[in-house]
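> Take a look at the following structure, please.
The values are calculated or read from the model by the stated rules, or taken from the named source; none is laboratory data. This one's a predicted model, so the numbers in the text were calculated from it and none came from an experiment. Backbone-built Cβ (ideal geometry, glycine too); neighbour counts: all protein chains shown. Calculation scope for accessible area: heavy atoms of the full protein, side chains included, ligands and nucleic acids excluded. Shrake-Rupley method; radii C 1.70, N 1.55, O 1.52, S 1.80 Å.
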Amino acid sequence: MKIKNIEMYEGLPKVVVSISGTSRQEMKSELIHIVENREALDVVEIRGDGFDNMSRSEHLKLVNELAGELRDIPVIYTYRTSHEGGSGARSYAEYKDLLMDVTAKCDIDIIDMEYITAGKLLPEMVECAGEYEKTVLLSQHDFKSTPTVEEMQKLLYRMHSAGGEILKLAYAPQDDDDVLNMLKIVKTAKEAIGNKIIGISMGESGKLTRLTGGEFGSCLTYGYLTKNTAPGQVHAADIKAALKAYE
């Protein structure tokens, strides 16, 4: 699948960096860093939960302003709720309405939908994404533990069946076995449904999952330029350097 000039499912994992400022000034500063470090990244994520205090019209306008500055770079819109480690405090219905508005009215390429948060509202959201030709990234995060391999397999199957075009699991490992299990689930899922899996073990012990290519590598991996947005994130330039070993 090609988005703008990036083949999302081919080659090395694509490096994602986030714009996560809480003010227009902070986000403009982050844009400058993105332009200056263009070679260190492939995709940009706009974190809408960071500027959740804006009105809906202001929110949508800012997303479009940011996306407009990233013309040749695929853009993910993410509103990470407090249920899954973000700062977003909207109700389930408000979450659905916001994401559908962004899907319909903003020039983004990929829409991150929290699989558990969306729940019964997900089919309507996925249908909206299809109507406006936006790629659906279904995600699930847990900052406390990591499910078993069997549980992760079942979850990925359900996410895939629900219309997920990219499937993201991000969990907190309790030990090294959890990290190895995440690498294993990425490999087995890729063999079953293709290179559309993102598997992240958070924290220091899970950094390996962010730096791995080949059979165990995710299709996307998340790094940072100015500040990390999740435990264990690595600077984008360092990820690019590490991935060269898999070329």
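> With both partners inside the chain, how many of the DSSP beta bridges are antiparallel, as a percent to the nearest 5?
Percent antiparallel among DSSP bridges in the chain is about 5.
> Take the solvent-accessible surface of the protein heavy atoms, probe 1.4 Å, and return the percent of it on the chain that carbon and sulfur atoms account for.
Of all accessible area on the chain, carbon and sulfur atoms account for 49 percent.
> If I take every Cα pair under 8 Å that is 6 or more residues apart in region 74-169, average their sequence separation and divide by the length, what percent do I get for the relative contact order?
Once divided by the residue count of region 74-169, the mean separation gives 28 percent.
> Looking only at region 36-75, which residues have a backbone nitrogen under 12 Å from a spot 7 Å from the Cα of Y132 in the C-beta direction?
Label zone hits: 60-61, 63-64.
> Contour minus end-to-end for N37 and T148, with contour as 0.36 nm per residue of separation and end-to-end as the Cα-Cα distance?
Extra length from N37 to T148 when fully extended: 36.2 nm.
> Continuing with this model, one more query. Just tell me which lysines come within less than 16 Å, Cα to Cα, of K96; anything on the same chain fewer than 8 places away is out.
K105, K120, K134
> Helix-only estimate, please: 222 nm mean residue ellipticity of the chain, summing -39500 (n - 2.57) across DSSP H runs of length 4 or more and dividing by its residues, to the nearest 500.
-12000 deg cm²/dmol
> Take peptides 206-214, 148-156, 218-226 and line them up by average Cβ neighbours within 10 Å, highest first, as a rough protection proxy.
For the peptides 206-214, 148-156, 218-226, the packing ranking is 218-226, 206-214, 148-156.
> Excluding A236 itself, calculate the net charge of residues whose Cβ lies under 13 Å from the Cβ of A236, where each Lys or Arg counts +1 and each Asp or Glu counts -1.
-1
> Could you name the lysines whose alpha carbon sits less than 21 Å from that of K144, not counting residues in the same chain fewer than 8 places away?
Here the lysines satisfying the reach criterion relative to K144 are K154, K168, K184, K207.
> Within region 1-32, report the GluC sites (Glu not before Pro) that DSSP leaves as loop and that have at most 12 other Cβ atoms within 10 Å.
Loop-located and lightly packed - E10.
> Taking 0.36 nm per residue of sequence separation and subtracting the Cα-Cα distance, how much length would be gained by fully extending the chain between D107 and I193, in nm to one decimal?
Between D107 and I193, full extension yields 28.1 nm more.
> With every protein chain kept in place and ligands, DNA and RNA left out, what is the accessible area per residue of region 100-161? Probe 1.4 Å, answer in Å².
For region 100-161, the per-residue accessible area is 50 Å².
> Give me the number: length gained by fully extending D177 to K61, i.e. 0.36 nm times residue separation minus the C-alpha to C-alpha distance, one decimal in nm.
37.3 nm
> Indicate the gyration tensor shape class of region 172-247 (rounded, prolate or oblate), computed on the Cα atoms with a ≥ b ≥ c the square roots of the eigenvalues: a/c under 1.5 is rounded; otherwise a/b larger than b/c is prolate and the rest oblate.
Note, shape of region 172-247 comes out oblate.
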